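J.: Here it is: the structure, laid out below.
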Amino acid sequence: MVQYAHVKKIVHFLNPLARLGQRNYSFFFPFLVVFGTCIFLEFYAFAIAHNPDVVNSVAIFLFVFYILYFSLRDGVKGGFTAVILTILYYLYIIATRDRTAEQFRASITTTIVLSGLYALLAWIIGWLRQRIDTLIESEANEKTRLQSILDQLPVGIVVANPDGTITHANKQLMAILGTKIPIGHNVYTKPLVQSTYNKKTATQNDSPLVHVLKTGNPVIRKEFTIHTQTGKKKYVLISSSAIHNAQNKIIAGASIVSDITQHKILEERKDDFVNMASHELKTPITSIKIYLNSLQKQLNENGDPKSLSLVNRLHDQTQRLQKLVNDLLDVSRLQTGVLTIAKDEVKLHELVKEVVDILRTSTKHENIKIAKNDQILIYADKLRLYQVLTNVLSNAIKYTPESGKIVVSLKKNGKNALVTIKDSGIGIAKEEHRKIFQRLYRVGEEKERTFPGFGMGLYIVQEIIKKHRGKIWVESEKGKGTTFSISLPLTAKN
Ligand code: ADP
């Protein structure tokens with residue numbers, strides 16, 4: 001093993017290509033080798049072969065090789081050292097061998113021509129070698145510069161080639177993932193860390209980096225829970241995008257990883273608090289409603305109208321408070337994954353009629369019409385669907401002036417039941433269509449802000465619909481009314 005390491009060292013020392021990018025050009029080594037060869041050849045010619053001319057042709061080939069080799073190994077410095085020693089040796093040979101005056105002149109002329117050629121050769125090869133070294137060095141400097149920029153960014157960064165091999169990973173990423181990321185690791189074959197996505201063990205197909213490399217489509221803020229080697233649980237947000245060249249070919253994929261653990265812990269605490277507070281509020285509100293109901297009854301029978309009107313208003317406000325607390329509880333249940341659905345057969349047409357009738361009476365909004373109400377049976381959680389329909393219809397009522405129109409319809413659409421709730425109200429701008437289904441999102445414009453609400457309704461609605469394997473979407477334009485459509489899978493009995 002040790003011997004092998006020595007051999008490797010020697011090969012590295014002698015191989016000019018192994019030393020590319022290193023600018024430690026030697027003068028001493030070429031001098032030693034060329035001078036040593038001269039001494040050896042002279043010794044051989046005089047002491048062993050007893051023929052001074054035996055080395056002449058060897059000298060030409062061997063020294064040309066030396067010039068090529070040393071200019072490649074040690075640049076212009078090494079090449080010129082070999083050239084100068086070679087020419088001096090040629091002159092020494094000319095001076096020390098018996099020659100006619102004619103031969104002497106010819107040899108001198110040849111040596112002068114050769115020295116020019118050798119010098120040119122040494123200069124070209126030596127210069128090329130030095131140029132390559134400079135290029136390699138500046139590329140290495142650029143890499144170091146890029147790496148130090150990446151290392152100082154406050155987010156984790158990883159870059160991979162189209163074949164999946166990692167080319168860059170910064171220190172922050174290693175700190176977040178709690179593991180070393182070997183450059184050259186292939187993201188197609190093995191994930192960087194164990195993680196879960198959507199509460200399931202993440203597979204290669206969930207990896208944003210793999211996705212962008214395969215499809216070229218960006219991934220925005222995908223949340224993962226990672227389990228570090230030290231057993232820690234961390235939450236991270238990953239965004240990835242493909243990097244294209246001028247010909248639109250993918251040349252790399254890059255991911256930005258942010259540690260949102262602290263933020264998540266705070267959010268969990270806040271959710272716990274909201275959950276606890278809503279639970280605590282639920283009981284007294286229910287009691288207040290019971291007392292108010294019996295007070296309403298008494299006043300209806302023999303109370304004065306003023307008190308009755310006050311109690312009625314109190315009842316309405318308590319109802320709003322109860323809806324708010326229930327919504328808060330549902331949001332918290334959805335966050336913690338404990339909102340369950342108890343499915344049974346539901347006559348959807350009856351439910352639609354019930355919701356429309358109740359809201360028509362309670363809101364005194366006369367212009368709510370049922371345009372179509374096909375008999376449809378679905379398998380669903382009746383109470384939750386009641387909540388969904390009430391929510392969407394209440395919104396339609398809330399955001400439509402009393403002079404406006406609201407049309408509800410229910411029909412079959414292929415293998416689904418389709419409920420549409422169309423209003424002629426204030427409408428929703430296109431860019432808000434996706435956002436209104438987010439938790440706590442309300443359209444931020446002044447007009448919408450005048451309506452009461454917390455932006456929880458549509459989030460809960462969408463989650464309940466998802467749990468029924470259905471879909472909800474909106475078609476609307478600002479100022480031109482809104483249509484919400486809900487599609488739910490039919491049962492086989494229809
Ligand atoms: P909120 O309690 O604020 O009504 P929702 O989640 O039910 O919360 O709705 C989110 C936002 O969507 C609302 O703030 C409102 O701006 C918009 N919106 C919902 N339904 C309608 C509608 N029928 N017409 C106009 N805007 C609507």
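J.: Could you go through the range 243-250 and let me know if any residue there is at positive phi and either in contact (Cβ under 8 Å) with a residue 12 or more places away in the chain or among the hydroxyl-bearing types (S, T, Y) (or both). Explain how you work it out, then say what you get.
T.: If we filter the range 243-250 for residues that are at positive phi, which is where we start, we get 248.
Keeping just the survivors that are either in contact (Cβ under 8 Å) with a residue 12 or more places away in the chain or among the hydroxyl-bearing types (S, T, Y) (or both) gives none.
There is no residue in the range 243-250 that is at positive phi and either in contact (Cβ under 8 Å) with a residue 12 or more places away in the chain or among the hydroxyl-bearing types (S, T, Y) (or both).
J.: Sticking with this one: Look at the range 9-44 and say how many of its residues are surrounded by fewer than 12 Cβ atoms within 10 Å (Cβ to Cβ) and small (G, A, S).
T.: Adding up the residues that qualify gives 1.
J.: Can you tell me which residues in the range 139-167 are of a type in the set (A, V, I, L, M, F, W, C), touching a residue at least 40 places away in the same chain (Cβ under 8 Å) and assigned to a loop (DSSP other than H, G, I, E, B)?
T.: Of everything in the range 139-167, just one residue is of a type in the set (A, V, I, L, M, F, W, C), touching a residue at least 40 places away in the same chain (Cβ under 8 Å) and assigned to a loop (DSSP other than H, G, I, E, B), namely V155.
J.: Out of D374, D357, D423, which single residue is acidic (D, E) and closer than 21 Å to I460 by Cβ?
T.: D423
J.: Between a residue in the range 10-21 that is free of Cβ contacts under 8 Å to residues at least 40 places away in the same chain and any residue that is assigned to a loop (DSSP other than H, G, I, E, B), which pairs come within a Cβ distance under 9 Å, given they are 6 or more apart or on different chains?
T.: As it stands, the answer is V11/A18; H12/A18; H12/R19; F13/R19, since those pairs meet every condition given.
J.: I would also like to ask the following. Every residue in the range 377-405 that is more than 19 Å from Q462 (Cβ to Cβ) and within 16 Å of the ligand (Cβ to nearest atom), please.
T.: Scanning the range 377-405 gives I397, T400, P401, E402, S403, G404, K405.
J.: Suppose the filter is surrounded by 21 or more Cβ atoms within 10 Å (Cβ to Cβ), modelled with pLDDT under 95 and more than 37 Å from the chain's Cα centre (by Cα); does I426 pass it? Steps first, please.
T.: On the way: surrounded by 21 or more Cβ atoms within 10 Å (Cβ to Cβ): yes; modelled with pLDDT under 95: yes; more than 37 Å from the chain's Cα centre (by Cα): yes.
Against the criterion (surrounded by 21 or more Cβ atoms within 10 Å (Cβ to Cβ), modelled with pLDDT under 95 and more than 37 Å from the chain's Cα centre (by Cα)), I426 qualifies.
J.: Right, next: Inside the range 397-406, can you point out the residues that are touching a His at 6+ places or on another chain (Cβ under 9 Å) and crowded, with 18+ Cβ neighbours inside 10 Å?
T.: I397, T400, I406, listed by residue number.
J.: Could you please let me know if F35 is among the aromatic types (F, W, Y) and modelled with pLDDT of 95 or more?
T.: Taking the combined requirement at face value, the residue satisfies it.
J.: Here's a follow-up. Which of the residues spanning the range 71-116 are among the aromatic types (F, W, Y) and at pLDDT 95 or above?
T.: Passing the criteria: only F80.
J.: Still on this model: Out of the range 174-217, which residues are touching a residue at least 12 places away in the same chain (Cβ under 8 Å), among the hydroxyl-bearing types (S, T, Y) and under 21 Å from D259 (Cβ atoms)?
T.: Selection gives T179, S195, T196, Y197, S207.
J.: Restricting the search to the range 415-430, which residues are over 15 Å from W473 (Cβ atoms) and more than 12 Å from the ligand (Cβ to nearest atom)?
T.: K415
J.: Filter the range 336-376 for residues that are crowded, with 17+ Cβ neighbours inside 10 Å and not in a strand (DSSP E or B) and give the result.
T.: If the condition is that a residue be crowded, with 17+ Cβ neighbours inside 10 Å and not in a strand (DSSP E or B), then L339, L348, H349, L351, V352, V355, V356, L359, R360, H365, I376 are the ones that fit.
J.: Among the residues in the range 124-138, are any outside any helix (DSSP H, G or I) and in contact (Cβ under 8 Å) with a residue 40 or more places away in the chain? Reasoning before the result, please.
T.: Taking the range 124-138 and keeping what is outside any helix (DSSP H, G or I), we get none.
No, the conditions are met nowhere in the range 124-138.
J.: Let me ask something additional. Can you tell me which residue among Y92, Y66 is assigned to a helix (DSSP H, G or I) and under 30 Å from T134 (Cα atoms)? Don't jump to the end; show me each part of the working.
T.: Values: Y92 fails: under 30 Å from T134 (Cα atoms).
Result: Y66 is the single residue among Y92, Y66 that is assigned to a helix (DSSP H, G or I) and under 30 Å from T134 (Cα atoms).
J.: Looking only at the range 65-73, decide whether some residue is without any contact (Cβ under 8 Å) to a residue 24 or more places away in the chain, of a type in the set (A, V, I, L, M, F, W, C) and surrounded by fewer than 17 Cβ atoms within 10 Å (Cβ to Cβ).
T.: Yes, the range 65-73 contains a residue that is without any contact (Cβ under 8 Å) to a residue 24 or more places away in the chain, of a type in the set (A, V, I, L, M, F, W, C) and surrounded by fewer than 17 Cβ atoms within 10 Å (Cβ to Cβ).
J.: Something else now. Among the numbered criteria (1) touching a strand residue (DSSP E or B) at 6+ places or on another chain (Cβ under 8 Å); (2) surrounded by 15 or more Cβ atoms within 10 Å (Cβ to Cβ), which one does T179 miss?
T.: Single failed check for T179: (1).
J.: In the range 432-491, which residue that is in a helix (DSSP H, G or I) and farther than 27 Å from R333 by Cβ is farthest from the ligand (Cβ to nearest atom)?
T.: It comes out as E446.
J.: A further question on this structure: Out of the residues in the range 475-494 that are at pLDDT 85 or above and surrounded by fewer than 17 Cβ atoms within 10 Å (Cβ to Cβ), state the one that is nearest to R384 (Cα to Cα).
T.: Within the range 475-494, the match that is nearest to R384 (Cα to Cα) is P489.
J.: F43 versus (1) in contact with a Lys or Arg (Cβ under 8 Å, 6 or more places away or on another chain); (2) at pLDDT 90 or above: which is the lone unmet condition?
T.: (1)
The values are calculated or read from the model by the stated rules, or taken from the named source; none is laboratory data. Worth saying up front: this structure is predicted, and the values here are computed from it rather than measured. So basically every Cβ, Gly included, is an ideal-geometry build from the backbone, and we count neighbours across all protein chains shown.
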